[in-house]
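Here the structure is laid out as structure tokens; the discussion comes afterwards.
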Amino acid sequence: MDDRSSKLILVPILAVLFVMIGYQYICPAGSNSCHFKTEEKFRGVSLLSTPYQDSDDFYRDQDLEDDSPPKLSSKFNFTERDLDRHVEFNIKGDDVIVFLHIQKTGGTTFGRHLVRNIRLEQPCDCKPGQKKCTCHRPGKDESWLFSRFSTGWSCGLHADWTELTNCVPVIMDKKEARRNKRNFYYITMLRDPVSRYLSEWKHVQRGATWKTALHMCDGRSPTQDELPTCYSGDDWSGVTLTEFMNCPSNLANNRQVRMLADLSLVGCYNLSSMNESQRNHILLSSAMSNLKNMAFYGLTEFQRKTQYMFERTFSLRFISAFTQINSTRAANVDLSETVRKRIEDLNYLDMQLYEYAKDLFLQRFQFTRQREHQEVRLKRREEKRWLREQRDQSDFPATTEDYTSQVARW
């Protein structure tokens, strides 16, 4: 074979290698610098968001799949709009994340993740020995996060949906001179009702009271007649589980529904405003609706999925992976079936809400994962097409001759 033939064979190979090397510099793995036409319908799903790269994740696919069935059937008729929770959160603008912290749902841990574990251009300033962190927007003296560990209990201790939605806009206007129209993105955490109830009992048994909570509704706190206390003295230390369950005004009962519902719809804490059946129906329906319309909620029992869904919802990334801790005080309580059934009966609204919440959460997770996989496949296909086009263009004699002469000089 003469030198000319060797050169003719070598030219296309070198051209392809040159294109591939150049592509790696232009579009390195994991970068968002290359935008392909992904704003098209693919198998009925809108592909608008930039996919996350597997190499950036703290967890592998198996970590996300091993605690739920691969194909989940739903008893609720959720629409695509219900499942797609991605929001265009603008941390540099006027958007605010509001964390509704329900007792004993893992909210303290999640709240710390929000102020200490998010990768930000301007991280929250958390000084040693201080309970609150300063979470300002980049270059501004304004908060992007309303939570226990950023703004404190500004709307009252463990303020609920009714309190927060009426209080947060007012508080934010007082704290910040500018009164721009803000977008408030509400988030929360939920937990299995029996585990949550037992955890609250153990917490109260150790002396917790939350008696400074305001429970504001329609402009006032409940009267003593509307909300009697379950104990005399400073706290309920040493309370037995039976005593805890026997108090009819115990706010631990159906706490998650009450804290997520619009209490003004049922006359707040005035139980005489309507019959119990009607009140319960309105509370549960309101809690379900408010939860569904929140920007995000997580489940204590699904830490990795909670992390995944928060990151995909807000396009924010955590520095360290969430940890699933199953050995809790509630898990160590030895329950008889009779006692468990009693707790479920006392929390039957929460039981229904959690069933709904778990179903919706896992459906959203499945929807998001499927869409992400489709986007990755589409991007790979576009990359291959682009490489083919570049390779075809390299077959033109003028291009190859010029490239060969350069190689010869090198």
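Figures for the structure shown
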read-out	value
Selection status of Phe99, closer than 22 Å to Arg255 by Cβ, in a strand (DSSP E or B) and open to solvent by less than 70 Å² (accessible area, probe 1.4 Å)	yes
Single residue of Phe322, Phe318, Phe367, Phe310 found to be farther than 29 Å from Leu164 by Cα, buried (at least 16 other Cβ atoms within 10 Å of the Cβ) and under 15 Å from the mean Cα position of the chain (by Cα)	Phe367
Subset of segment 119-177 [under 20 Å from Glu311 (Cα atoms), in contact (Cβ under 8 Å) with a residue 60 or more places away in the chain and either more than 22 Å from the chain's Cα centre (by Cα) or assigned to a loop (DSSP other than H, G, I, E, B) (or both)]	Leu120
Criterion (in contact (Cβ under 8 Å) with a residue 12 or more places away in the chain and in contact with a strand residue (DSSP E or B) (Cβ under 9 Å, 6 or more places away or on another chain)) met by exactly one of Leu263, Leu241, Leu214, Leu227	Leu263
Unmet criterion (only one of (1) within 30 Å of His203 (Cα to Cα); (2) open to solvent by 80 Å² or more (accessible area, probe 1.4 Å)) for Arg377	(1)
Residues of segment 191-229 satisfying the condition of being open to solvent by 30 Å² or more (accessible area, probe 1.4 Å), over 20 Å from Val266 (Cβ atoms) and polar (S, T, N, Q)	Ser195, Gln205, Thr209, Thr212, Thr229
Condition check for Glu383: farther than 26 Å from Glu200 by Cα, acidic (Asp, Glu), surrounded by 14 or more Cβ atoms within 10 Å (Cβ to Cβ) and in contact with a Phe, Trp or Tyr (Cβ under 7 Å, 6 or more places away or on another chain)	no
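Condition check ((1) in contact with a Cys (Cβ under 9 Å, 6 or more places away or on another chain); (2) among the hydrophobic types (A, V, I, L, M, F, W, C); (3) open to solvent by 30 Å² or more (accessible area, probe 1.4 Å)) across all residues:
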| site | (1), (2), (3) |
| --- | --- |
| Asp235 | no, no, yes |
| Val239 | yes, yes, no |
| Phe244 | yes, yes, no |
| Ser264 | yes, no, yes |
| Ser277 | no, no, yes |
| Met294 | no, yes, no |
| Arg304 | no, no, yes |
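Table: residues versus (1) under 23 Å from Arg329 (Cα atoms); (2) of a type in the set (Lys, Arg).
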| residue | (1), (2) |
| --- | --- |
| Gly156 | no, no |
| Glu176 | no, no |
| Lys181 | no, yes |
| Asp218 | no, no |
| Ser237 | yes, no |
| Leu241 | yes, no |
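Yes/no per residue for (1) acidic (Asp, Glu); (2) closer than 23 Å to Lys181 by Cβ; (3) open to solvent by 10 Å² or more (accessible area, probe 1.4 Å):
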residue	(1), (2), (3)
His86	no, yes, yes
Lys92	no, yes, yes
Thr108	no, no, yes
Gly111	no, no, no
Glu121	yes, no, yes
Cys124	no, no, yes
Lys127	no, no, yes
Lys132	no, no, yes
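The values are calculated or read from the model by the stated rules, or taken from the named source; none is laboratory data. None of these values were measured; they are calculated from a predicted model. We place every Cβ from the backbone using ideal geometry, glycine too, and count neighbours over all the protein chains shown. Surface areas here come from the heavy atoms of the whole protein model, side chains and all, with no ligands, DNA or RNA. Shrake-Rupley method; radii C 1.70, N 1.55, O 1.52, S 1.80 Å.
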